[in-house]
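The values are calculated or read from the model by the stated rules, or taken from the named source; none is laboratory data. None of these values were measured; they are calculated from a predicted model. We place every Cβ from the backbone using ideal geometry, glycine too, and count neighbours over all the protein chains shown. When the accessible area is computed, the model is the full protein with side chains, heavy atoms only, and any ligands, DNA or RNA have been set aside. Shrake-Rupley method; radii C 1.70, N 1.55, O 1.52, S 1.80 Å.
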Amino acid sequence: MIPILIPKLGLTMESARLMRWLLDSGDAVEEGTPVLVIETDKVTYEVPAPAGGLLYPLAAEGKECAVEETVGYVAKDQEEYWRIVKQYPSQAGKDSGLPAVEDTPALPSPGLPAGHRFKASPLARAMAAEHNLDLSSITGTGPGGRIVRADILAALGEKAKVTAKRIEELAEPATGSRKDIRESIPIRGVRKIIFENMYQSLSQSAQLTLHTEASAEALVALRDRLTSDGKKVSFNSILVKTAAAALRLHPKVNASVEKDMMHVWKQIHIGLAMEANDALIVPVVRTPDRKSIRDIDQEIAELTKKLRENRLSPDDLVNGTFTITNLGFADIDFFTPIIRPPESAILGVGRIVKKSVVKKDTMVAERRLSLSLTFDHRIIDGAPAARFLKTIKDMIEDPVLMIG
C-alpha cells in the first residue's frame, strides 16, 4: 500500500485543511489523478494519487493536517484494500463501492421474520444506529442492494425535511429572528487571509489614490505588432513590463513597510490580481524588468493555467513588491484598489474605451485607458507618487520610453 501525504507546497507551509475527497473509497485511480483538495492560507490545491490502484480515504474532510501527514492510501488490489480497511479505521466517511470480503448482516427490524438480514456497510449500520433509522425502510443502492452511506444520508435528508417542516408549523417565530439568511459561510482558508489582509491594509496604512488617463493607441499598436502565429500577447503582460520599467526609475515605490522600517527592494516582483473560486489570488511575476514582454506573457499564461488547475504553490504568491489589478474586463474605468500588505503601492487599470479628445484644436475619437494608483502616504509623498504614475502614463503612450 502507498500512503497519500499532505505535500509541502512552500517553504513556510506547516499544515493544510483537507477540504474534500474527490473520489469514494474503493474507486480505481491512476497515478496523477486528483484525489483530494487541500487548502492552505494562500492556495487551494488538488493532490494527485501517488500511484495507480484502489483509493482508501483515511482523514475526514475539514481536518487540519500537518505537512507529510498520511491522509489516505492507495491499495494495489481488493485484497490489500480490505486489509487496510481493517487495519486503519477511516474517519473520512466515504463508503466503498467494492463488495466486502464479509458483510456483517444488520440486525432484523421489528416486525420482520426472524433470520431476516439487510446487507449494509459498517459505516451505514453505525450511522443508522446513531440516528435511530430503521434499515427496513431504506432501499440500498450499493452492489447487490447493499445499504451504503449515500442511502443513509438520503434517508436523513428526508427525515430532516419532515422534522423541519413540523418545527416550523409549531414554533413561534422568535423576536428579531432573521429568516431571510440565504447561506452562512465560515470565513476560513484563503478567504480568511483576504479578510485579515484587507483589514490590516486599511487600518495600518494611510492610503491615497491618484487617477489619470492615457492614450491607449500606442498600447494597442504594440500588442498588434507582438502578435505571433495569430496569438496576441495580453495587455497585462505589457502593463507588467511598463510598471517594472517605471519602478526602475522610481525605486522608492518598490518598497514595503515592516513596523518602523521601510525596505526598498533591489529586485522587482510584480503581482497580478486574479479571481478564482470567489477569492482574490495574486500570483507573482518574477523580475519582469529583465524579461521580454513575450516571456512575461508566457509566465502569466502558466500562472493562470496553474490557478485554474489548483496547482499554484504558496511560493508562486509570495515576495511581491508591487501589484497590478485590472478591472477593464468588467467595463470599469476608475476605482480605488487596496494595497496588498506589506507593499506600498498598487496600480488599478480600467477599460480601454474610445472617447472624444481634442488634438491640435480638433475633436477626434481616441482609445483611452484609465489608471488609478493607490500608495501608502506614510512612506511615499504625493508628488513622487504622481511622478511615478505619470511615468507609467508616458510609457503607455510611447512604449519606446521603456527601453530609453
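Across the range 267-285, the number of residues qualifying as assigned to a strand (DSSP E or B) and in contact (Cβ under 8 Å) with a residue 12 or more places away in the chain comes to 11. Residues in the range 300-311 include at least one that is open to solvent by 50 Å² or more (accessible area, probe 1.4 Å), within 26 Å of ARG248 (Cα to Cα) and at pLDDT 95 or above.
Can you name the residue in the range 359-384 that is assigned to a helix (DSSP H, G or I) and either over 13 Å from LEU249 (Cβ atoms) or acidic (Asp, Glu) (or both) and, of all such residues, is least open to solvent (accessible area, probe 1.4 Å)? My answer is GLY382. SER215 meets each of the listed conditions (1) at pLDDT 90 or above; (2) over 18 Å from THR323 (Cα atoms); (3) open to solvent by 30 Å² or more (accessible area, probe 1.4 Å) apart from (3). Pairing each residue of the range 371-394 that is more than 16 Å from THR321 (Cβ to Cβ) and of a type in the set (Ser, Thr, Tyr) with any residue that is open to solvent by 50 Å² or more (accessible area, probe 1.4 Å) and not in a helix (DSSP H, G or I), provided the two are 6+ apart or on different chains, yields C-beta distances under 6 Å for SER372/HIS211; SER372/PHE334.
Screening THR104, THR33 for residues that are surrounded by fewer than 18 Cβ atoms within 10 Å (Cβ to Cβ), of a type in the set (Val, Ile, Thr) and at pLDDT 90 or above leaves exactly one candidate, THR33. For the range 245-262, residues that are surrounded by fewer than 24 Cβ atoms within 10 Å (Cβ to Cβ) and touching a residue at least 24 places away in the same chain (Cβ under 8 Å) total 10.
Please enumerate the residues belonging to the range 1-22 that are of a type in the set (A, V, I, L, M), in contact (Cβ under 8 Å) with a residue 40 or more places away in the chain and under 23 Å from SER90 (Cα atoms). Selection gives MET1, ILE2, ILE4, LEU5, ILE6, ALA16, LEU18, MET19.
Across the range 6-18, which residue is most open to solvent (accessible area, probe 1.4 Å) among those that are aliphatic (A, V, I, L, M) and modelled with pLDDT under 90? Taking the candidates together, the pick is LEU11.
Whenever a residue of the range 192-217 is in a helix (DSSP H, G or I), its partners that are of a type in the set (Asp, Glu) and crowded, with 16+ Cβ neighbours inside 10 Å, lying with C-beta atoms within less than 6 angstrom and at least six residues away or across chains, give the pairs ILE193/ASP41. Screening the candidates GLY145, GLY140 for the property of being modelled with pLDDT of 80 or more, among the small types (Gly, Ala, Ser) and within 30 Å of GLY53 (Cα to Cα) yields one hit, GLY140. Considering the range 24-54, the residues that are without any contact (Cβ under 8 Å) to a residue 40 or more places away in the chain and under 15 Å from ALA75 (Cβ atoms) include one that is nearest to the chain's Cα centre (by Cα), namely VAL35.
When the range 347-356 is filtered for residues that are touching a residue at least 12 places away in the same chain (Cβ under 8 Å) and open to solvent by 10 Å² or more (accessible area, probe 1.4 Å), the ones remaining, listed by number, are ARG351, ILE352, VAL353, LYS354, LYS355.
Residues in the range 219-243 that are among the aliphatic types (A, V, I, L, M), open to solvent by less than 30 Å² (accessible area, probe 1.4 Å) and part of a helix (DSSP H, G or I): LEU219, VAL220, ILE238, LEU239, VAL240, ALA243.
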